C-alpha cells in the first residue's frame, strides 16, 4: 500500500468523529465496564432472535444496569418497528442503548437514537459495518429512506470475534461481501482521502484473505478475527468516505422489494464496479492489487470480486435473492430518481443494463452505452 501523493497535492477534506473501539476474543465481557465508563445505569438491550443466547449472557452480566430489552428487530427497520423501539426505550427510562447483533439490531438502535438522542454501545455479530457510521435507514410504505445524523453513531463498539463463530457460512459470506462493498466504494466516494484510501485497501486485502478461510473452517478464531478486523475497517471507511451508486442501488432495491440486505450488496458490487470502471480506474487498481495480495489474480477488479464471491458461495444474482425480473424496469427508475454522488454520472439506461446483468448473474462487464435516456 502507498499514499496517493497526487491526492495530497490536489487537496482533500478528512473528517472523522471520535469513537472507542474494543477488539478481541472475549471482549463481550468488557461491556459492563464500558457501560460504567459511559456513566450509564439504565440500559435498553436491543437484540434479535438469532442473537438470543449471547443477549441472555450479556443481560446477566449487566445485572442491575439492565432496564429493559427489545427483540422485535426487522431488516430495513420499518417505521413501525422504529416507533416500538423508541417506546421501549422511553418505558424503560433508558440512558443508554446497547445493541447486539447484525445490521438490523444496529438499525433499531439507531432509530431510537434518532428519536431520542440516547447514546449507543454496539456489539456486532456480523460483518455489516453499520456500527461505525452516522448512517440511518428507515422503511415506510415500501420505500427505504437513508440519512446521516451524528446522534446515531455509537459511542463505543465492542468487537468480539467469538460472537461470529456461530454465524452460518452462507451468511458469513454474504455479510463479508457487504463489508467489502464499503471498502471498494470508499476508494472513490466523495469523502475519500489519503487516509481512507490506505484503510480501504488494507480492508480489502484482509477480507479477501479471511473469507475463504472462514468458509473453509467456520470455527477458526484466527480467520474470524481477520474477517472482523476487515469489517471494522469497512465500517469506518463507509462512515468517513461515504457512498456512491452501489450503495444507492442496494438501499433502493433491497428496501423497496424487501430483499436480504447483505445478499443484495454481494450481488451488486462487481456490477457497480464495472459500471464505474472507466471513471475510477486508480481506485479499482488498488482493489485489484489488494486482491492479488490475497491470492486472487484477475484481469480486472470487478472480475476478481466476482470470482471471490463464487469461491466462497456468496450470492451472485438478484434473481437468487428474490428480485422478480418484471421489477427491474421500475427498480431502475427508482435508483435513477435517488440523488447520488458517483464517479460516473447516473445513466438511466446503463443502470437498467446493470440491474439486468446482476439479475441474471452473468460476468460483470463495462457498460459503455451511448445515453439514450437521461443522465445526471
- Item | Alpha-carbon centroid distance for the pair the range 120-169 / the range 46-60, whole angstrom | 16
- Item | Extension gain (nm, one decimal) between residue 292 and residue 278, 0.36 nm per residue minus Cα-Cα | 3.0 nm
- What is the range 252-339 by shape, rounded, prolate or oblate, if you read a ≥ b ≥ c off the alpha carbon gyration tensor as root eigenvalues and call it rounded for a/c under 1.5, prolate for a/b larger than b/c, and oblate otherwise? oblate
- Calculate how many DSSP beta bridges within the range 27-159 are antiparallel, expressed in % of all such bridges and rounded to the nearest 5. 25
- Message: Take residue 169 and residue 216, extend 7 Å from each Cα along the Cα→Cβ direction, and tell me the distance between the two endpoints in nm.
- Response: 1.3
- Residue span residue 33 to residue 368: 0.36 nm per residue of separation minus Cα-Cα distance leaves a gain in nm of 115.1 nm
- Between residue 145 and residue 64, how many nm apart are label points set 7 Å from Cα along the C-beta direction? 4.2
- Between residue 90 and residue 337, the two model label points (7 Å from Cα along the beta-carbon direction) sit apart by a distance in nm of 3.2
- Cα gyration tensor category, rounded, prolate or oblate, for the range 169-360 with a/c compared to 1.5: oblate
- Item | Principal-axis tilt of helix 52-62 within the chain, Cα atoms, nearest 10 degrees | 50
- Task: Starting from 0 in steps of 10 Å, tell me what percent of the Cα-Cα pairs of the chain lands in each bin.
- Result: 5, 26, 34, 25, 9, 1, 0
- Among 24-30, 332-338, what's the highest-first ranking by average C-beta atoms within 10 angstrom per residue? 332-338, 24-30
- Message: Once R0 is set to 25 Å, what does the formula 1/(1 + (r/R0)^6) return for the Cβ-Cβ distance between residue 375 and residue 310, expressed as a FRET efficiency to the nearest 0.05?
- Response: 0.20
- Of the peptides 100-107, 227-234, 211-218, how do they stack up when ordered by the mean number of other Cβ atoms within 10 Å, highest first? 100-107, 227-234, 211-218
- Note on the structure: Computed over the chain: longest principal axis from alpha-carbon atoms vs helix 301-312 long axis, angle to nearest 10 degrees, is 50
- Task: Report relative contact order for the chain in percent, whole number only (criteria: Cα-Cα under 8 Å, sequence separation at least 6).
- Result: 15
- Pulled fully out, how much extra length does the chain show between residue 57 and residue 360, if you take 0.36 nm times their separation in residues and subtract their Cα-Cα distance? 104.8 nm
- Can you tell me the 0 to 90 degree angle between the C-alpha axis of helix 194-216 and the longest principal axis of the chain, rounded to 10? 80
- Summing -39500 (n - 2.57) over every DSSP H run of at least 4 residues in the chain and dividing by its residue count gives a helix-only mean residue ellipticity at 222 nm, to the nearest 500 deg cm²/dmol, of -16000 deg cm²/dmol
- Query: Sorted by packing (mean other beta-carbon atoms within 10 Å per residue), highest first, where do 141-151, 304-314, 248-258, 52-62 land?
  - Reply: 248-258, 304-314, 52-62, 141-151
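Throughout, read-outs are computed from the coordinates displayed, never taken from laboratory work. What you are looking at is a predicted structure, and each value in this text was computed from that prediction instead of being measured. We place every Cβ from the backbone using ideal geometry, glycine too, and count neighbours over all the protein chains shown.
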